[in-house]
Amino acid sequence: MTDWIVVAAAPEVPLSPDSRAEMTFTVTNPGEAHDRVVFVVEPEDGTSASWFSVAEPQRTVPPHGSVAYLVALAVPPGSPPGTYALRGCAYSADTAPEETSRRSGRVVFAVPATAPPPKRQRWPYAVAAGLVLVVLAVIAGLVFRPRDTTPTPVAASPAVSGAPSTAVAPSPAAGPANVTYEMEELLPPTDLVGLQPQDVVQQRDCCGVTWSGHTQMFVVTRAQGWSLTVAFTVPQNGTYTFSDIRTRSNDYANTVYVIDTTKVGGTFVGYSPTVVTTGWLSEGSVQLTAGRHTLTLAVVGHAAGSTSYNAGVDAVRFTQTAA
């Protein structure tokens, strides 16, 4: 049975002037076998399913592979203004949906109120007529005023300095970016699936382990199929290597990362008989633009010896390797 991972590209999408939008969802198969996935939109908050269309909703996904779904949104004219929401849902085509369904975080969009057409005003015509009268009066005054024949003295031109202008030297180019976050500093999550806010905590040093900053982000849960998303920023466009410091223990789950809509790195096996930290691990590279992005941590099962689905992340780092 495939434990699908469904991630929305953004938690909010703006509508175009004609009340349309497009949004992307990434569905990842963390299993070891090919599986056929069906992707559907689940409307919320009064949203109608008829507003959405999905191209090729059923696809085959290879092991550890991902597919991207483009969802088109068209809000009918006259729809009530307000904030609407939806989730992406994926399930195995050959299994009962209730057994394998996995959902993304909420995606919201706002339908603005339609402004009434402006009433035709008469005062601009009166203003225009008044301006015409003023212009005619000025022209008449210029034409019929007496000429002044007194010569006008000419002021001497000031001497022109021969000093050269001072050029401003360009600022030196910025070097490669290297951004490190204590994972707990990125809390609270921007989205939770299968978790409650109290399931994600800041854990102080314990169990013979000292974390960077003496704290780690700790997910405490017995729930399967959970994911959490946090937001981060990078200062400039480029290719970045994503690294992290992880924790292992006897009740930790296996997890994967998704940055925006791209799965980065492989499956991290969280099980260890005792509590240990990994040191910095290089997970992989990702292309990022300057500004805000999302980092999703999703559970994909656990090792045979693990007793729960907990997870711990100490710190993450984004190191620019190319512009």
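Coordinate-derived values only; no laboratory data. Given the structure is predicted, the values throughout are model-derived calculations rather than measurements. Here the Cβ is made from the backbone with ideal geometry for all residues, glycine too, and neighbour counts use every protein chain on show.
Test of understanding: what is the full-extension gain from T114 to T233, defined as 0.36 nm times their sequence separation minus their Cα-Cα distance?
Details: separation 119, 0.36 × 119 = 42.84 nm, distance 3.48 nm.
Extra length available between T114 and T233 comes to 39.4 nm.
Please give me the summed charge of the neighbours of D251: other residues whose Cβ is under 15 Å from its Cβ, Lys and Arg +1, Asp and Glu -1. Walk me through the numbers on the way to the answer.
Working: positive: R222, R246, R248; negative: D199.
Summing Lys/Arg as +1 and Asp/Glu as -1 gives +2.
Counting only the backbone N, which residues of the range 26-49 are under 18 Å from the spot 7 Å out from the Cα of A304 toward its beta-carbon? Counting only backbone N, you get 32. Computed over the alpha carbons of the range 178-322, Rg followed by Dmax gives 14.4, 43 Å.
Can you give the net charge of the other residues whose Cβ lies under 12 Å from the Cβ of R222, counting K and R as +1 and D and E as -1? Taking every other residue near R222 into account, the sum is -2.
Net length available on complete extension from A10 to C207 is 67.2 nm, with 0.36 nm assigned per residue and the Cα-Cα distance removed.
Ordered by the number of other Cβ atoms lying within 10 Å of each residue's own Cβ, fewest first, R292, R246 fall into the sequence R292, R246.
Using a simple spin-label model with pseudo-atoms 7 Å out from Cα toward Cβ, R292 and T321 lie 2.8 nm apart. If R0 is 22 Å, the Cβ-Cβ spacing of M1 and R36 corresponds to a FRET efficiency of close to 0.95.
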